[in-house]
1. Quickly estimate the mean residue ellipticity at 222 nm for chain B, helices only: each DSSP H run with n ≥ 4 gives -39500 (n - 2.57), and the total goes over all residues, rounded to 500.
2. Determine the total buried accessible area between chain B and chain A, counting protein heavy atoms only with a 1.4 Å probe; round to the nearest 100 Å².
3. Which of A:LYS95/B:LYS36; A:LYS120/A:LYS189; A:LYS95/A:LYS120; A:LYS254/B:LYS36; A:LYS38/B:LYS36 have a Cα-Cα distance over 20 Å?
4. If you roll a 1.4 Å probe over the heavy atoms of the protein chains, what accessible area per residue do you get for segment B:2-85, in Å²?
5. Could you please report the charge total around A:VAL263, scoring K, R as +1 and D, E as -1 over all other residues with beta-carbon less than 13 angstrom from its beta-carbon?
6. So for each of A:291-299, A:129-137 I average, over its residues, the number of other beta carbons within 10 Å; can you give me the resulting order with the highest mean first?
7. Other chains' Cβ within 10 Å of A:278-289 residues: what's the mean?
8. Over the whole of A:261-273, what's the average partner chain Cβ count within 10 Å per residue? Rounded to a whole number, please.
Amino acid sequence: MWQTIAHLFSPRTSNNHRPRILHLEGLLVVGAILVGCKLLVGTLSTSHTIVPAVLGFSSSITASQVVAQTNEQRTNGGLAPLSIDGKLVSAAIAKGNNMCADQYWAHISPSGITPWVFIKNAGYQYSVAGENLARDFSDTSSMVAAWMASPTHRENIMNPRYEDIGVAAVNCSLLGSDTTLVVQMFGSKLVNTPTISTKALTTAQPLPPSTPSPQVAGEESVPKLLADANPTLSLGNSHQPQTLFAFTPLQIMKSIMLSILIVLLVVLALDMWLTHRRHTVRIAGKNIAHILFLVGIGLVVLLTRAGSIF
Amino acid sequence: MVHQELTQHPYHYTALIIIEALLLSLYTTTTDSLLKTIFAILVGSAYAIWGISVHAGSIRTPRLVLEYAIVGLLGTLMLSFLISVT
């Protein structure tokens, strides 16, 4: 056993003074392992029937975190924090579920349903409203940071006219890949809204003709929504069951790649040190160059984040 | 030994660091999948070419050339796989 490990990872006579893993065949095996892992992750992430509870959704994003971090940004900007509104939460959940059901990733559905329809159907009478969308983020901080880095999304978060917020995090298979959609809806209630009974609020209520049209926070006529992720509510409405492990395909691939890189870097460094110490003369690639190159790749792997906003 | 190697080929290593840093920066900053793939291929290819060129004045066996090519290929594979899961 020890001989095999030493043969694989340490320069010695048996491997012609070059660790076997650094031979061409060894490097090709490493490449094959990488390709195999990628295929496996790809298969498992798109096939719930094989391993339904291992791969897929990132569930570390929670509604409370999104609201807290959104309000933190507003507070830092000298704005009043937003209040969670149950109707906006319902609207956000409905929007998330609609995107999953109709398989689209946009503010306006392929059938022309705008975000305002979901807000109105939830019974929220608004004077101004907005929407932010995000998907594939593994944590709340990077998602909110991405929104803040985008001028139009930032404008929604930092809009002083908004008073309420509703967030939904919906897990589903969207366009062929498991993902966590985050819908963030903002709004301010119509000031002169007539009193409406509780029963009426639970049904779809079209806005009266005098209701002002919603404010468009983004460019052109793209509505602005701020998503409030309530994990309990949103997961209850999701199309797929919550997974047991919160590992995304990206996280798994990053772990595999970083493990391979660490092994290679350690073996390269060990090989370099031992050959220098033993004054071994051989024809081989430059270990320092390999290390520099792989460290560069490792940094990119380490710093890569998933997620997109809309 | 590291210092000795770096001082022996200062321009080669400077070129390697600059080229790789440039290509990896382009890979990281671009958002288009096709462009990312192209930069990933360029990263690996550039390393293979660098490896071949750095041994131009010494013994350069086919296995040596292949070693740089395969290490470059590993880098390209990793960068490409990152694109498909983000």
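1. Calculated mean residue ellipticity at 222 nm is -29000 deg cm²/dmol.
2. Adding both sides of the contact gives about 3300 Å².
3. Those over the limit are A:LYS95/B:LYS36.
4. 52
5. Overall, the nearby charge balance is 0.
6. Result, highest mean Cβ count within 10 Å first: A:129-137, A:291-299.
7. Partner Cβ neighbours, averaged per residue: 5.
8. 1
The values are calculated or read from the model by the stated rules, or taken from the named source; none is laboratory data. These figures come from a predicted structure and were not determined experimentally. Reconstructed Cβ throughout: ideal geometry from the backbone, glycine too, with neighbour counts over all protein chains shown. To get the accessible areas, we keep the full protein, side chains included, count just its heavy atoms, and leave off ligands, DNA and RNA. Shrake-Rupley method; radii C 1.70, N 1.55, O 1.52, S 1.80 Å.
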